[in-house]
1. Please list 61-71, 29-39 highest first by mean number of surrounding beta-carbon atoms within 10 Å per residue.
2. In whole Hz and in residue order, list the ³J(HN,Hα) couplings for the range 37-49 that follow from phi through the Karplus curve 6.51 cos²θ - 1.76 cosθ + 1.60, θ = phi - 60°; x for Gly and Pro.
3. If you only keep lysine pairs separated by 8 or more in sequence, or across chains, how many in the chain come under 19 Å at the Cα atoms?
4. Just the number, please: percent antiparallel of the DSSP beta bridges in the range 1-111, rounded to the nearest 5.
5. Hey, can you grab everything whose amide H is under 5 Å from the amide H of A72? Only 5+ residues off in sequence or another chain; H modelled, so Pro and N-termini drop out.
6. Kindly express, to the nearest 10 degrees and within the range 0 to 90, the angle between helix 92-101's C-alpha long axis and the longest C-alpha principal axis of the chain.
7. Amide H neighbours of T123 under 5 Å, at least 5 residues apart or on other chains, H built in the peptide plane: list them.
8. Could you pull out every residue, at least 5 positions away or on a different chain, whose amide H is within less than 5 Å of the one on N114? Hs are placed 1.01 Å off N in the peptide plane, and Pro or chain starts have none.
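What follows is calculated from the coordinates using simple rules that are stated; it is not laboratory data. For clarity, every value in this text was computed on a predicted model and none was experimentally measured. All Cβ positions, even for glycine, are placed from backbone atoms using ideal geometry, and neighbour counts span all protein chains on display.
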Amino acid sequence: MTDQELIEEALKAREKAYAPYSHHKVGAALLTKEGKLYLGCNIENAAYGPTNCAERTAFFNAVYEGEREFSAIAVVGGMEDAPELPICAPCGVCRQVMMEFCDPKTFRVVLGTNRPEKFEVLTLEQMLPLGFGPKALN
Ligand code: THU
């Protein structure tokens, strides 16, 4: 699957976002090493704190299905009425969840928009330098 195809899946996932408080809608498409796809959207809550980001929804969907090995995630997000989406970088909590299941040197984070020519790709290590992960507890 190409980065652009992954971004398009994330844009579809974004349509499911439940964001009545922030009106900031996010979608994520997570690719396993075997090429399977898991989607997620942000799910907000009236108490604010229980809100789940799109990236974590995608990871938790995948992990529930038994997946443990991932190669890339595409993320797209922005205000619901914005005609053009900006680059939406994952929050620190989501980066930490990626650190739990992904190799920081090879896991690719594709930051997409609704314009095919506007996207960025970073490794998890670039997004979370010196990240604390499961290896520290071995
Ligand atoms: N959000 C995500 O889903 N992913 C991100 O990468 C950044 C923030 C959500 C959480 C909340 O529902 C809304 O965007 C505003 O913070």
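1. 29-39, 61-71
2. 10, 10, 10, x, 9, 6, 10, 8, 8, 4, 8, 6, x
3. For the chain, qualifying lysine pairs total 7.
4. Given both bridge residues lie in the range 1-111, the antiparallel proportion sits at roughly 75 percent.
5. Here the answer is L31, R108, since their amide H atoms fall under 5 Å of that of A72.
6. Between the helix axis and the principal axis of the chain, the angle is about 40 degrees.
7. V109
8. Distant-sequence amide H within range of N114: L85.
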